[in-house]
Structure formats: C-alpha cells, structure tokens
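Q: Have a look at the structure that comes next, please.
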Amino acid sequence: MQQRNKVIGVFSHVDAGKTTLIEALLYQAQVISAVGNVNKGTTFMDNEPIERQRGITFSSKPVHFEHHGQGYTIIDTPGHMDLTFEMEKSLQVVDVAILLISATDGITGYTETIFNLCQAYDVPVIFFYNKMDMITTTPAQLREDVEKLAAPVVPGPVTVDGLVDWSNETAFLEDWAVLDEAWFSYLMAADGATIDAQIITDKLNTALLARTIMPVIFGSARQQTGVATLLALLDVITLTTEPAEYALAQVYKITHDQKNNRYVHAKVIQGVFEPKDKITTDGSDEQKINQLFNFQGGTYQAVNQAQPGDIIAVTGIDVQPGSFFGTLGITADTLPQPVNLKREAILAVRVLTNDATQNDVMIKNMQTLAQEDPTLHVQFKAAMQELYINVTGTLQMEYLKVIFADRFGFEIDFSAPTILYKETITQASIGYGHYEPLRHYAEVALRLTPGQPGQGIIFENECSREQLPINYQKRIEQHVFEKAHLGVLTGAPITDLTITLLSGKAYVPETKGGDFREATNRAIRQALMKTSSQLLEPWYTVTAIVPAHLVGRVSADLEKMHGHVDNLISGSNDNATVIGAVPVANFFEYPTTFASFSKNEGRLTTALQGYQPCQDQAALIEAAAYDPESDLDNTANSIFFKKGHGFDAHWRDVDDLHHINLV
C-alpha cells in the first residue's frame, strides 16, 4: 500500500472567513508568497470577476500542493445558502471537511445544514472557530455550542513551529479517550508509560477517519493563529491505495470554458487514468478520454496521468455529475450507482428576455448550464413558449444573469419566484408498468411505501436474479432516480417514499435499451394513481440575532406567518437569538421588514428545514387544476401487445393484464 493524495474541503456559512483561511493555509504551506485580501479581490482562489467584485465565492475550485511530503487538494466552496448545490457537489468527493464557524456569529442554521450533509456523506469533520481575535466569548463556551450539533468534539492540540509534541499533549489525549473506547483501553493498558508518537498519530488517524472524534480549533485566519494546528492535524491523516485492475473515478462537477469546451471534474477512486484511455459508465458503453487536466489558480494544466485521490478535469467524455466511470473491463456490478444530491431547490422562476427571437438560443444556453447544474431542471412549456428553471434564491439568480451575459452575450431576467411544492403518499401501493409495442418488451412491479420526512426517495430491491438479470435490475434503479417523478395532486415531484423493486420481466431479443425506462415510469405512476397522496410545502429554519427588546416582535412575526418559535437564547452585548421555523411561502417579504424594524442591528439567517404537510392543500390543488390522466408525458397507462400491434391499456386495467405473478 502507498499513500495517496488527500482531498480536503473547506465549508462555512457566508462571511465566516473561509477564503481567508484557505489563503492562510496556502501561505503556511508555502504555495503563495503573500496572503491575498478578499475585500481587495486579490485572493488566490476567487478568480472569477464576479467573485472579486462581490468578495464571495460563487463556484468551487481546487488547488493542489505538497506539505511535509504529502499531497493535498484543497477545495474552496461557496458559503451562501443560495449556492448550496455547488457546495454539496464538492462534499461528495472530499476525504475530510474543515467546517469553519465565525466566532462572532456562532452556529447558524446553515452551519447545521453543512454538518448534517457531512454526516449524510460520512465525511470526517474538523471544526475551526475563526475570528477569535474579535470576541470576548471563551473557547469553553464555543465548545459547548458546537457540542449541541451532537458532534464528538475534542479541542485541538498545541503546535510549536508547526509541529505537535505529543508527549506534552496530556489534555488532548485524555479528552480523546473520553470519546474513543479503543483509545481509552490503549491508554489504560499503557499505565502511564510513554507512548510512541507514531502509535498516537496512527490511532488518531483511525479515530478521525471513523468520525469517532472531531477536533475543534480556535484561531484567526486573518492573524494566522490556529492555522499551523490545522495543518498539523491534516498531516496526521493518512490515506492509502492499492494497485487495482481497473481505474475508477467519481464525477462531481461539469464546467465549460469561454470556447464552450466541456470539462468533467472528477476524483480518482482507484487505479490510474491516462489520456486516450477508453472508459465505460455502465459496463457496456465505451467512450475515450481526450485529455486530463489539473485546475490550478484559474487555469487548466495538462497532465499525463491521474492517480488515486487526484482531482482532475477530463475532456472527451459525456457523463453526468454524481456518476462514476471506469476503464474498460470494469463490470456493472463493480461500478457504484450514481450519487444524487440530498438538497433540492425550493423555488421556480420564469426566464425572461427582451428579444423573443433569442428564445431558441436562450433555451440551448440554459440547457448547457443545466449540464453544469442539473438542479436547474430546465423546463420549456411549448404551448406558452415559456422557459422555467428551479433556483434556491436571489444570489443564484444574480449569478446566472452574469454568467449569461459573460458567456453567451445577451441579458436575461427572471420573474418573481414561486414555491416548488412536493407530494408524497400516505398508504402503500403496488404498481405495474408494461411496455410492449412491436419488437419491445419490459415489465416491472414496484411497491411504493410512505417514508420518513426528509428521507427523499429510497430504492430497495427484493427481486432475485432468477426473476430478472442484474443488469436490468440496475437499469430500473437508475430509471427511478434519473427523472423527477410527478405526483397526481398538482403534478409536483414526489418525495419521502421508498420504491421497492419486487419483480421484472425481460424477453430477449425483444427487450431494448429504453424499454425498462418506460416500464419503470409507468409502474411508479400507476402506483401513485392507486393510492392517496399528501401535498407538501418547504419550511425554513429561521435564526434571528436581535437586541433583546426585539425578541417579542420577532417571535410574534413568526407566529403570524404560521410558523413557531423553538428556542430563545440570551447572548452577550444585550443581544438575544430567536430560533424558529416558518413556511417558505409566508417568508418572502420578511427579510425587508426585518431590516427595517431592526434598523440593520439584527442578523437574519435561514436554512431549508425540509418539507411538511401543506397548510392549505385544498386551495392549492384547486388552483393547480392538474389532471393526471391528461398528462401524457407521465402516463400511468401501459402498452400491451395483441393481434400484431401494441395497444394502450388504461391504468385501472393493468392489474388484470400484467404478466408478473407476485407470490
């Protein structure tokens, strides 16, 4: 085994000092000779014009460097909630997350969102409390705050000249032992004897990667304090790789340059990639890598080889974010299933242009952007000649306007946002989908079961290989996640349910590539038509830091918006924190109202809490006037074959016609 490159992601809420911390890390690692300034637009990482102008990060970027003989890739990510998908895409490929918290702001709702995503992706976390030079709060108080995240927190060790003397770190080693039973047992067995530093770092590496402990460091990126300790902990982490028969990589991002060259950004999981390698995405297709690049300081640098742990940009292949690809010979069983983002947009807007003759070009260019960010979900309503996309907020809309003008040469605008509702089911249902026009055949049986709030769509498989070959089973799973399946109340996407593959049938040579897509979509839709559904609406978690005399006003406002107050926290300097939740639909205008009555002395932050049953379901269903049986793009009917041709069978009749026999 040999050590491989470590991928470290830096994450934070907005204005926590994330880019400044990365500048400090690069400076202490001797990558840059001088520390840049965010306000002056001179930082190494923020190299897009809009980033230098606004002083915030809009797109994630990697930088590679060596430190103490170890390879690192640091990924800088956006800190604004409106850019959460760009942040989450990077989280899928990092080995360790540095979660930055501003000591002046404390833990915000978005901090919790990032931490929960780290937990969901099983990413180890190191906390860094920044701006400690600007507060009077003690590290002990801040440690208590971060422990409320249910994190196994241990204050970091002390460094001298960038190194840790483990023989003098009794407090750290004992705090660690409280949370790690294996390390506690080792300490007890040592019975006070000096433990070799290599043994300590090996066991600490194990504890960090297993998320048994999560160190917290207190410092100031601007003052360069705590940064050496952070680097020392990162040096402890050791990741190894072994020779592999096939190379494998995970795609996390797509970009295009000014000449519309398409770059696939990926992390090498195992093996070695080289230019001109032939690759596959499902074990059966074949594509060829054109070139490999490192992205460094805003430029692409061609490389001849990509090793495990490397973050690379690839040209010449057509793959999607979240998918995996491997060198030829890798099988469908070995290729992991695509990873889907766990967060979703909650707003929709119509894309506007003053020049109707540019509609076709606008649609084409927006589809290019949707390759980079599939969460845009570009929808063109041909009957009304209207283009819609999904967004998270006004900052993302502003960024899209700038991108359109810069890359495509004309201006766009957006309508006022509308809420994206969702639907779920309240009772289990079995659906059948049959697709058998002439010279085609596929049938699928799926069970839909109500899930837990926030779980999204989960796929389970109870189908044996004797019933259906594994390659078809994997296609069905892929088809479950490749589109937003619509509910039958308002046509909103479904969520919070489990879809279980019960059985399927294929017929060689009639079964073609897309047949199981048709059967899967029809089975899901038929199951929805056969059961009862519930409309869901998004809610925000709201955190308001205000002067104490405004606590009553904020609490009353949340109640008026049909929300609720969950917690009141007294703070320093006569401030208090109000934490609550509110339906997003009722919150649109409140930030302006809040700024007015707080006279800009308060701070208001939000984070998506999730979806809850809609408070006014009947009115929304009536307003939508959605007829599920008229939605031919999402039909519940099936196609059967009889007397030499296929015929359309109404979904109510499919239960009497399907070929699968569920015992």
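Q: Would you work out what percent of the accessible area of the chain, with all protein chains in place, is carbon or sulfur (probe 1.4 Å)?
A: Carbon and sulfur atoms account for 48 percent of the accessible area of the chain.
Q: Another question about this same structure. So how much slack lies between E242 and A34, counting 0.36 nm per residue of separation and subtracting their Cα-Cα distance, in nm? Before the final figure, lay out each step's value.
A: Details: separation 208, 0.36 × 208 = 74.88 nm, distance 3.77 nm.
In short, 71.1 nm is gained.
Q: Given a 1.4 Å probe, how much area per residue of region 444-517 is accessible, in Å²?
A: Working: 3230 Å² over 74 residues.
Ligands and nucleic acids excluded, the figure is 44 Å² per residue.
Q: Hey, another quick one. So for the chain, averaging the separation of alpha carbon pairs under 8 Å that are six or more residues apart and normalising by length, what relative contact order in percent results?
A: Values: 1388 pairs, mean separation 69.6, N = 663.
Once divided by the residue count of the chain, the mean separation gives 10 percent.
Q: Something else now. Keeping all protein chains in place, calculate the accessible area per residue for region 52-161 (probe 1.4 angstrom), answer in Å². If you can, show how the numbers build up before the last one.
A: Values: 3680 Å² over 110 residues.
That works out to 33 Å² per residue.
Q: Same structure again: Each label point is 7 Å from the Cα along the Cα-to-Cβ direction; what then is the distance between the points at A190 and A150, in nm?
A: Distance between label points: 3.1 nm.
Q: Hey, another quick one. Determine the shape class of region 155-244: with a ≥ b ≥ c the square roots of the Cα gyration tensor eigenvalues, call it rounded for a/c under 1.5, and otherwise prolate if a/b is greater than b/c, oblate otherwise. Don't jump to the answer; show the numbers that get you there.
A: Working: a/c = 1.74, a/b = 1.20, b/c = 1.46.
Oblate, because a/c is 1.5 or more while a/b does not exceed b/c.
Q: Now for a different question. What aspartates and glutamates sit close enough to K599 to cross-link, taking a C-alpha to C-alpha distance under 17 Å and skipping anything fewer than 8 places away on the same chain?
A: Within the straight-line limit of under 17 Å, K599 reaches these aspartates and glutamates: D557, D574, E589.
Q: For the chain, take the longest principal axis of its alpha carbons; what is the angle in degrees between that and the long axis of helix 181-190, to the nearest 10 within 0 to 90?
A: Long axis of 181-190 versus the principal axis of the chain: about 30 degrees.
Q: On to the next question. Hey, got the dipole for the chain? About the Cα centre, +1 on K and R Cβ, -1 on D and E Cβ, debye to the nearest 20? It would help to have the intermediate numbers written out before the result.
A: Values: 48 positive and 79 negative charges, 217 e Å.
Magnitude of the dipole: close to 1040 debye.
Q: For helix 18-28, what angle does its Cα long axis make with the longest principal axis of the chain, in degrees from 0 to 90 and rounded to 10?
A: That works out to roughly 50 degrees.
Q: Please give the net charge around I494, taking every other residue with its beta carbon less than 9 angstrom from that of I494, where Lys and Arg add +1 and Asp and Glu add -1. List each step's numbers first, then the result.
A: Details: positive: K422; negative: E423, D496.
Result for the local shell: -1.
Q: Could you list the GluC sites (Glu not before Pro) in region 574-633 that lie in coil according to DSSP, counting only those with at most 10 other Cβ atoms within 10 Å of their Cβ? Numbers along the way, then the final one.
A: Details: sites: E589, E601, E622, E629; in loops: E589, E601.
Filter output for region 574-633: E589.
Q: Show me, for region 90-106, the HN-Hα J-couplings you get by feeding each phi into the Karplus relation (A = 6.51, B = -1.76, C = 1.60, θ = phi - 60°), rounded to Hz, glycine and proline as x.
A: 5, 4, 5, 10, 7, 8, 9, 10, 9, 9, 8, 10, 6, 5, 7, 9, x
Q: What translational diffusion coefficient, in µm²/s and rounded to a whole number, does the Stokes-Einstein relation yield for region 554-618 at 10 °C and a viscosity of 1.306 mPa s, taking the hydrodynamic radius as the Kirkwood radius over Cα pairs? Working shown, then result.
A: On the way: Rh = 13.1 Å.
So the translational diffusion coefficient is about 121 µm²/s.
Q: How much accessible area per residue does region 188-332 have, in Å², with a 1.4 Å probe? Walk me through the intermediate numbers first.
A: Numbers: 6180 Å² over 145 residues.
It amounts to 43 Å² per residue over region 188-332.
Q: Oh, and also: If you take every residue apart from E88 with its C-beta less than 15 Å away from the C-beta of E88, what net charge results, scoring Lys and Arg +1 and Asp and Glu -1?
A: Working: positive: K89, K253, K267, K342, R343; negative: D76, D82, E86, E112, D122, E344, E372, D373.
Result for the local shell: -3.
Q: What residues of region 326-363 lie in the reach of a label at Q452, counting those whose backbone N is under 17 Å from a point 7 Å from the Cα along Cα→Cβ?
A: In region 326-363, the label zone of Q452 (backbone N under 17 Å from the point 7 Å along Cα→Cβ) covers 342-343.
Q: Once the piece of chain linking S532 and L352 is laid out straight, how much longer is it, given 0.36 nm per residue of separation minus the C-alpha distance between them? Before the final figure, lay out each step's value.
A: Values: separation 180, 0.36 × 180 = 64.80 nm, distance 3.70 nm.
Result for the pair: 61.1 nm of gain on full extension.
Q: Over the alpha-carbon set of region 448-592, divide Rg by the Kirkwood Rh and report the Rg/Rh ratio to two decimals.
A: Working: Rg = 23.1 Å, Rh = 18.9 Å.
Ratio value, two decimals: 1.22.
Q: By how many degrees, 0 to 90 and rounded to 10, does the Cα axis of helix 551-560 deviate from the longest principal axis of the chain?
A: In the chain, helix 551-560 runs at an angle near 10 degrees to the longest axis.
Q: Where a ≥ b ≥ c are the square roots of the eigenvalues of the C-alpha gyration tensor, would you call region 258-333 rounded, which needs a/c under 1.5, or, failing that, prolate if a/b is larger than b/c, or oblate? Write out the running numbers ahead of the final one.
A: On the way: a/c = 1.88, a/b = 1.51, b/c = 1.24.
Taking the square roots of the gyration eigenvalues as a ≥ b ≥ c, region 258-333 is prolate.
Q: In nm, give the distance between the simple-model label positions of F380 and L209, each being 7 Å from the Cα along the Cα-to-Cβ direction.
A: 4.9 nm
Q: Out of these labelled values of Cα Rg over 2.2 N^0.38 Å, (1) 1.36; (2) 1.03; (3) 0.93, which was calculated from the coordinates shown here?
A: (2)
Q: Taking the inverse of the average 1/r across all pairs of different Cα atoms in region 309-390, what Kirkwood radius in Å do you get? Numbers along the way, then the final one.
A: Values: mean 1/r = 0.0640 Å⁻¹.
Taking every pair of different Cα atoms in region 309-390, averaging 1/r and inverting gives 15.6 Å.
Q: Does region 41-142 classify as rounded, prolate or oblate by the C-alpha gyration tensor (a ≥ b ≥ c root eigenvalues; a/c under 1.5 gives rounded; else a/b over b/c gives prolate, otherwise oblate)? Working shown, then result.
A: Values: a/c = 1.32, a/b = 1.18, b/c = 1.12.
It is rounded, given that a/c, with a ≥ b ≥ c, falls under 1.5.
Q: I've got another one for you. Considering only protein heavy atoms, what is the solvent-accessible area of E518 at a probe of 1.4 Å, reported in Å² to the nearest 10?
A: Only protein atoms counted, so the area is about 60 Å².
Q: What does the helix-only formula give at 222 nm for the chain: each DSSP H stretch with n ≥ 4 adding -39500 (n - 2.57), the total divided by the residues, and the result rounded to the nearest 500 deg cm²/dmol?
A: Working: 17 runs with 173 residues, N = 663.
So the helix-based figure for the chain works out to -7500 deg cm²/dmol.
Q: Starting from the 7 Å offset along Cα-to-Cβ, what nm value, one decimal, do you get for the label separation of D566 and R439?
A: Computed distance between label sites D566 and R439 equals 5.7 nm.
Q: Subtract the Cα-Cα distance of E622 and Q141 from 0.36 nm times their separation in residues, and report this length gain in nm to one decimal. Don't skip to the end; give the middle numbers.
A: Details: separation 481, 0.36 × 481 = 173.16 nm, distance 5.14 nm.
Full-extension gain reported as 168.0 nm.
The values are calculated or read from the model by the stated rules, or taken from the named source; none is laboratory data. Not measured: the values here are computed from a predicted model. Quick reminder, even Gly has a Cβ in these numbers, built from the backbone with ideal geometry, and neighbours come from all protein chains shown. Note: accessible area is taken over every heavy atom of the protein model, side chains too, but ligands, DNA and RNA are not part of it. Shrake-Rupley method; radii C 1.70, N 1.55, O 1.52, S 1.80 Å.
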